[in-house]
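The values are calculated or read from the model by the stated rules, or taken from the named source; none is laboratory data. Keep in mind the model is a prediction, meaning the values are calculated, not measured. Cβ placement follows ideal geometry from the backbone for every residue including glycine, while neighbour counts extend to all protein chains displayed. Surface accessibility is based on the protein's heavy atoms, side chains included, excluding ligands, DNA and RNA. Shrake-Rupley method; radii C 1.70, N 1.55, O 1.52, S 1.80 Å.
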Amino acid sequence: MAVAPSLRPALAVAMVALTMEACLAADAQSSAYRVEGDGIVSPLTSSAGDPARGRALMAGRDAANCVLCHSIPDPAIRDAGDIGPALLGVANRLTVPQLRLRVVDMRQVNPRSIMPSYYRTEGLVLVAQAYQGKPILTAQQVEDVVAYLSTLR
Amino acid sequence: MRIGILLLALLAGNTFAQTPAIPASELRSGVSFGSAELRAMQSDDFANPGMLWVERGQKLWQTPVGSAGRACASCHSDASLALKGVAARYPVVNASDRRVIDLEARINACRTSQQKAPALAAESEDLLALTAFVAHQSRGMPLAVSISDSARAFFDQGRDFYYARHGQMDLSCADCHEHNWGRKLLAETISQGHPNAYPAYRLEWQSLGSLARRIRACLFGIRAQMLASDDPQLTALELFLAWRADGLPVEAPGVRR
């Protein structure tokens, strides 16, 4: 497993530990992925993400609902929360692998983050029956969201 | 691995504090995050829809029910005297069976053991009305629950639940109500999450609802398992909420979005 040498040692150790967990606990619903540095280089699916579907997911109340916490540059969206940073320009700040890790599991970047992990099923407590064993987004949906995020320059 | 444990210890650190995370000087009732219209609606008894339940509760208070043929008023002679300040001290540990009970459970205990009438269902109009009526007698009085002696274990349980992350969203109550109050979640400003307005009239419900119902709305939002109104874990959580709101005035029946 490659860890970027620029990372502070403590953070790197913590991340290796967390990454191992992610790989070991992978199940049929959220399959294994590989964290390199602070990103996930390989897409989770073989079919490429679709930015239009990603945009719809991010604004949809029942799907990703990212607008609970983030504004996105889309005139069709009236209400958006401000708990997380505005996502306009996020593709200038972060690479695609970095974006992918942040959507998959922000807690690996910042364990205290309020942002939910969208592609994680292990370590969850008292999950409502209907959602047990399922990540919030499927692998394809993660790729769609990442595809849309990468257009936000 | 050791780093991980260290991190966990640091994260858990604040949960063992003995003073509320939000100091008394920064405590704010949920109503202060609402619009001017909402605040006016709550403070005007003629505009506050919750007062309809208080009136209904007053009638129930005086009506004999059950095989004992007694009204609440038969034993608790003057409501404003007998009940003043009671809601501000709840939840409490019930002396007879050492369980933690909230106001709704206390009222139902009088229904079953004193009036010999069947218990009222959670969120039923009659239980909401009686609870609103009883709580209204404490309006303006500061919340002051006891967490000493036998209440301590329940308090600890409630605090642990409050700071633990739950549900598919993996969020704790504190993630929103302690670390992000004042910020916007979609179009709604997150308050400090205090219990002092309940039972409250929510415009979204178009009804009065209990604190338990409000907490379930939050659990639903994070896709967590529901807690039933009579689940001791839920009452323990209510006790913790009352303690962290210590000193805030009872507003019941409050008005919320």
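Would it be correct to say that A:Arg78 is more than 19 Å from B:Gln168 (Cβ to Cβ), without any contact (Cβ under 8 Å) to a residue 24 or more places away in the chain, of a type in the set (Lys, Arg) and within 11 Å of chain B (Cβ to nearest Cβ)? The answer is yes for A:Arg78.
Determine, yes or no, whether A:Leu137 is in contact with a Phe, Trp or Tyr (Cβ under 7 Å, 6 or more places away or on another chain) and not in a helix (DSSP H, G or I). Against the criterion (in contact with a Phe, Trp or Tyr (Cβ under 7 Å, 6 or more places away or on another chain) and not in a helix (DSSP H, G or I)), A:Leu137 qualifies. Within the range B:220-236, does at least one residue satisfy the condition of being within 13 Å of the chain's Cα centre (by Cα), open to solvent by less than 40 Å² (accessible area, probe 1.4 Å), more than 13 Å from every other protein chain (Cβ to nearest Cβ) and of a type outside the set (S, T, N, Q)? Yes, because at least one residue in the range B:220-236 is within 13 Å of the chain's Cα centre (by Cα), open to solvent by less than 40 Å² (accessible area, probe 1.4 Å), more than 13 Å from every other protein chain (Cβ to nearest Cβ) and of a type outside the set (S, T, N, Q).
Taking the conditions exactly as written (among the hydrophobic types (A, V, I, L, M, F, W, C) and either buried (at least 16 other Cβ atoms within 10 Å of the Cβ) or within 26 Å of B:Leu237 (Cα to Cα) (or both)), does B:Ala109 satisfy them or not? It would help to see each step written out before you state the result.
Numbers: among the hydrophobic types (A, V, I, L, M, F, W, C): yes; either buried (at least 16 other Cβ atoms within 10 Å of the Cβ) or within 26 Å of B:Leu237 (Cα to Cα) (or both): yes.
Answer is yes for this residue.
Would you call A:Pro43 without any contact (Cβ under 8 Å) to a residue 12 or more places away in the chain and more than 10 Å from chain B (Cβ to nearest Cβ)?
Details: without any contact (Cβ under 8 Å) to a residue 12 or more places away in the chain: no; more than 10 Å from chain B (Cβ to nearest Cβ): yes.
For A:Pro43, the condition - without any contact (Cβ under 8 Å) to a residue 12 or more places away in the chain and more than 10 Å from chain B (Cβ to nearest Cβ) - is not met.
Within the range B:148-179, the set of residues being touching a residue at least 12 places away in the same chain (Cβ under 8 Å), of a type in the set (A, V, I, L, M, F, W, C), open to solvent by 20 Å² or more (accessible area, probe 1.4 Å) and away from chain A (no Cβ under 14 Å) comprises B:Phe154 only. Taking the conditions exactly as written (away from chain A (no Cβ under 14 Å) and among the aliphatic types (A, V, I, L, M)), does B:Leu241 satisfy them or not? When the stated conditions are applied, B:Leu241 passes them.
Just to be sure before I move on: is B:Gln137 within 14 Å of chain A (Cβ to nearest Cβ) and either open to solvent by less than 50 Å² (accessible area, probe 1.4 Å) or more than 18 Å from B:Ile101 (Cβ to Cβ) (or both) in the structure I sent? Write out each step before concluding.
Details: within 14 Å of chain A (Cβ to nearest Cβ): no; either open to solvent by less than 50 Å² (accessible area, probe 1.4 Å) or more than 18 Å from B:Ile101 (Cβ to Cβ) (or both): yes.
The answer is no for B:Gln137.
In the set (1) without any contact (Cβ under 8 Å) to a residue 40 or more places away in the chain; (2) buried (at least 16 other Cβ atoms within 10 Å of the Cβ), the condition left unmet by B:Arg70 is number (1).
All conditions but one from (1) more than 10 Å from every other protein chain (Cβ to nearest Cβ); (2) open to solvent by 50 Å² or more (accessible area, probe 1.4 Å); (3) without any contact (Cβ under 8 Å) to a residue 24 or more places away in the chain apply to A:Leu88; the one that does not is (3). Filtered by the rule that a residue be open to solvent by 50 Å² or more (accessible area, probe 1.4 Å), within 14 Å of another protein chain (Cβ to nearest Cβ) and either over 15 Å from A:Leu137 (Cβ atoms) or of a type in the set (Lys, Arg) (or both), the range A:46-75 gives a lone residue, A:Arg61. Residues in the range B:206-213: is at least one in contact with a helix residue (DSSP H, G or I) (Cβ under 9 Å, 6 or more places away or on another chain), modelled with pLDDT of 95 or more and assigned to a loop (DSSP other than H, G, I, E, B)? Yes, the range B:206-213 contains at least one residue that is in contact with a helix residue (DSSP H, G or I) (Cβ under 9 Å, 6 or more places away or on another chain), modelled with pLDDT of 95 or more and assigned to a loop (DSSP other than H, G, I, E, B).
Here is a yes/no grid of residues against (1) in contact with a helix residue (DSSP H, G or I) (Cβ under 8 Å, 6 or more places away or on another chain); (2) within 14 Å of chain B (Cβ to nearest Cβ); (3) modelled with pLDDT of 95 or more:
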position: A:Thr95; (1), (2), (3): no, no, yes
position: A:Val104; (1), (2), (3): yes, yes, yes
position: A:Lys134; (1), (2), (3): no, yes, yes
position: A:Val145; (1), (2), (3): yes, no, yes
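Just wondering, is there one or more residues in the range A:112-125 that are more than 10 Å from every other protein chain (Cβ to nearest Cβ) and open to solvent by less than 10 Å² (accessible area, probe 1.4 Å)? Scanning the range A:112-125, I find at least one residue that is more than 10 Å from every other protein chain (Cβ to nearest Cβ) and open to solvent by less than 10 Å² (accessible area, probe 1.4 Å), so the answer is yes. Among the residues of the range B:112-123, at least one is of a type in the set (Asp, Glu), touching a helix residue (DSSP H, G or I) at 6+ places or on another chain (Cβ under 7 Å) and open to solvent by 20 Å² or more (accessible area, probe 1.4 Å).
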